[in-house]
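See below for the structure under consideration.
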């Protein structure tokens with residue numbers, strides 16, 4: 001059972017705490033700018049256009065996904081913070097279910113990364129990209145879905161490790177390979193067959209493909225395939241996050 005009032009309270013707390021951390025918000029905004037223009041300037045001369053897209057156009061959707069990826073997964077570190085400072089035990093002593101706590105945390109992560117993704121999309125004004133603005137509603141919906149999925153992954157990791165250092169190490173180990181093997185910065189079709197198959201198992205590859213399709217009308221798969229994969233993985237990661245959180249708290 002999920003209590004709406006508990007989910008809302010946890011969501012509001014996480015949301016306020018994140019946006020009050022100005023340096024963290026500023027770093028999240030600056031990250032795609034740095035990646036976009038450093039990669040764009042450095043690699044663009046050696047890039048063979050794909051479907052008529054310049055390199056800046058090609059990597060722009062990936063930079064938006066990168067913002068969502070980093071923001072949503074790292075948001076789950078609040079579980080470790082709450083556990084160390086005793087706040088999590090106070091939540092657990094309240095008459096609310098474990099599921100409500102997890103959903104509140106994940107929902108907050110998804111909302112925050114959607115806002116950060118929208119800010120990243122505004123960087124399109126610094127490029128020559130002609131963004132398909134009539135797809136903006138779909139882009140925001142997909143941002144939320146991807147954020148929800150990745151925030152759930154963050155909760156799973158946070159329930160398995162015991163320290164900030166452990167969480168950061170594991171997340172960095174997962175995030176960078178997932179991002180680099182997603183087709184965000186180079187076409188996956190150029191990879192060897194075995195590497196291409198491995199990359200296709202990467203859920204972020206479907207997020208990048210969906211964003212690129214919505215923004216630039218260039219799909220490697222289709223809207224339906226990408227959306228089906230992401231929705232399925234969102235349900236799986238959320239259910240797993242609730243299960244792992246229950247197991248973690250059952251040991252206390």
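The values are calculated or read from the model by the stated rules, or taken from the named source; none is laboratory data. Bear in mind the structure is a predicted one, so any value in this text is a computation, not a measurement. FYI the Cβ positions are ideal-geometry reconstructions off the backbone, even for glycines, and counts take in every protein chain you see.
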Original post:
Among the residues of region 82-91, is there at least one that is at negative phi, assigned to a helix (DSSP H, G or I), touching a helix residue (DSSP H, G or I) at 6+ places or on another chain (Cβ under 6 Å) and buried (at least 22 other Cβ atoms within 10 Å of the Cβ)?
Top reply: no
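Surrounded by 21 or more Cβ atoms within 10 Å (Cβ to Cβ), within 19 Å of the chain's Cα centre (by Cα), in contact (Cβ under 8 Å) with a residue 40 or more places away in the chain and closer than 14 Å to residue 241 by Cβ: is that true of residue 183 in this structure?
On the way: surrounded by 21 or more Cβ atoms within 10 Å (Cβ to Cβ): yes; within 19 Å of the chain's Cα centre (by Cα): yes; in contact (Cβ under 8 Å) with a residue 40 or more places away in the chain: yes; closer than 14 Å to residue 241 by Cβ: no.
No.
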**OP:** For region 116-143, name all the residues that are without any contact (Cβ under 8 Å) to a residue 24 or more places away in the chain and under 18 Å from the mean Cα position of the chain (by Cα).
**Re:** 122, 136, 137, 141
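Tell me, yes or no, whether region 211-226 has at least one residue that is under 23 Å from residue 81 (Cβ atoms), in contact (Cβ under 8 Å) with a residue 60 or more places away in the chain and part of a helix (DSSP H, G or I). Outline the logic, then answer.
Taking region 211-226 first, the residues under 23 Å from residue 81 (Cβ atoms) are none.
No, every residue in region 211-226 fails to be under 23 Å from residue 81 (Cβ atoms), in contact (Cβ under 8 Å) with a residue 60 or more places away in the chain and part of a helix (DSSP H, G or I).
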Subject >> Conditions (1) surrounded by 15 or more Cβ atoms within 10 Å (Cβ to Cβ); (2) more than 15 Å from the chain's Cα centre (by Cα); (3) within 22 Å of residue 76 (Cβ to Cβ): number failed by residue 216 >> reply: (3)
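Residues are listed down the side, and each one gets a yes or a no for (1) in contact with a helix residue (DSSP H, G or I) (Cβ under 9 Å, 6 or more places away or on another chain); (2) on the phi > 0 side of the Ramachandran plot; (3) modelled with pLDDT of 85 or more:
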site: 156; (1), (2), (3): yes, no, yes
site: 168; (1), (2), (3): yes, no, no
site: 179; (1), (2), (3): yes, no, yes
site: 190; (1), (2), (3): yes, no, no
site: 194; (1), (2), (3): no, no, no
site: 215; (1), (2), (3): yes, no, yes
site: 219; (1), (2), (3): yes, no, yes
site: 245; (1), (2), (3): yes, no, yes
site: 249; (1), (2), (3): yes, no, no
**OP:** Restricting attention to region 186-210, report how many residues are more than 16 Å from the chain's Cα centre (by Cα), assigned to a helix (DSSP H, G or I) and touching a residue at least 60 places away in the same chain (Cβ under 8 Å).
**Re:** 0
Subject >> Whichever residue in region 2-18 is outside any loop (DSSP other than H, G, I, E, B) and in contact with a helix residue (DSSP H, G or I) (Cβ under 6 Å, 6 or more places away or on another chain) and, among such residues, is farthest from residue 92 (Cα to Cα) >> reply: 18
